[in-house]
1. Looking at region 73-92, can you tell me whether even one residue there is loosely packed, with under 15 Cβ neighbours inside 10 Å, at pLDDT 95 or above, out of contact with any strand residue (DSSP E or B) (no Cβ under 6 Å at 6 or more places or on another chain) and part of a helix (DSSP H, G or I)?
2. Check off (1) farther than 15 Å from L80 by Cα; (2) open to solvent by 80 Å² or more (accessible area, probe 1.4 Å) for V5 and give me the number that stays unchecked.
3. W102 passes all but one of (1) farther than 18 Å from Q1 by Cα; (2) modelled with pLDDT of 95 or more; (3) open to solvent by 30 Å² or more (accessible area, probe 1.4 Å); (4) not small (G, A, S); which number fails?
4. Could you say whether any residue in region 27-47 is open to solvent by less than 40 Å² (accessible area, probe 1.4 Å), farther than 16 Å from L85 by Cα and among the hydroxyl-bearing types (S, T, Y)?
5. Cβ-Cβ under 6 Å, sequence separation 6+ or interchain: first residue in region 50-64 and in contact (Cβ under 8 Å) with a residue 24 or more places away in the chain, partner open to solvent by 40 Å² or more (accessible area, probe 1.4 Å) and among the β-branched types (V, I, T). Which pairs?
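The values are calculated or read from the model by the stated rules, or taken from the named source; none is laboratory data. Quick caveat: nothing in here was measured; it's all calculated off a predicted structure. Neighbour counts are summed over all protein chains in view; Cβ atoms, including those assigned to glycine, are modelled from backbone coordinates with ideal geometry. Heads up: the accessible areas ignore ligands, DNA and RNA and are worked out on the full protein's heavy atoms, side chains in. Shrake-Rupley method; radii C 1.70, N 1.55, O 1.52, S 1.80 Å.
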Amino acid sequence: QVQLVESGGGLVQAGGSLRISCTASGSTFSFNPMGWYRQAPGKQRELVATISSGGSTNYADSVKGRFTISGDNSKSSVYLRMNGLKPEDTAVYYCYAAEQIWNTKFDYWGQGTQVTVSS
């Protein structure tokens, strides 16, 4: 059974920083890509950042320049360093991992970790 375990969420003041982590386990194969999505109350879930096993990254425009995603393939882990946090960053952040077996892709999600930014 594939499991994604997140940690590092919490409450910070605007302008502060936070680092959240995710470790995926249970796959015979490597996860590619991995990343982070978030969902604020009353809003749709949106992509924050992704990283491929080759190190290619992709960021939402709203976080570009403030957030940095990194990964460790050997640990099947992904990290998100969030700097210059804004109240609008408040959301549940979900870890995402994709597992491809032959021509079929499986998507996995963590339970989410709450990030709250106070003004």
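1. Taking every residue of region 73-92 in turn, at least one turns out to be loosely packed, with under 15 Cβ neighbours inside 10 Å, at pLDDT 95 or above, out of contact with any strand residue (DSSP E or B) (no Cβ under 6 Å at 6 or more places or on another chain) and part of a helix (DSSP H, G or I).
2. (1)
3. Failed condition: (2).
4. There is at least one residue in region 27-47 that is open to solvent by less than 40 Å² (accessible area, probe 1.4 Å), farther than 16 Å from L85 by Cα and among the hydroxyl-bearing types (S, T, Y).
5. I51/T57
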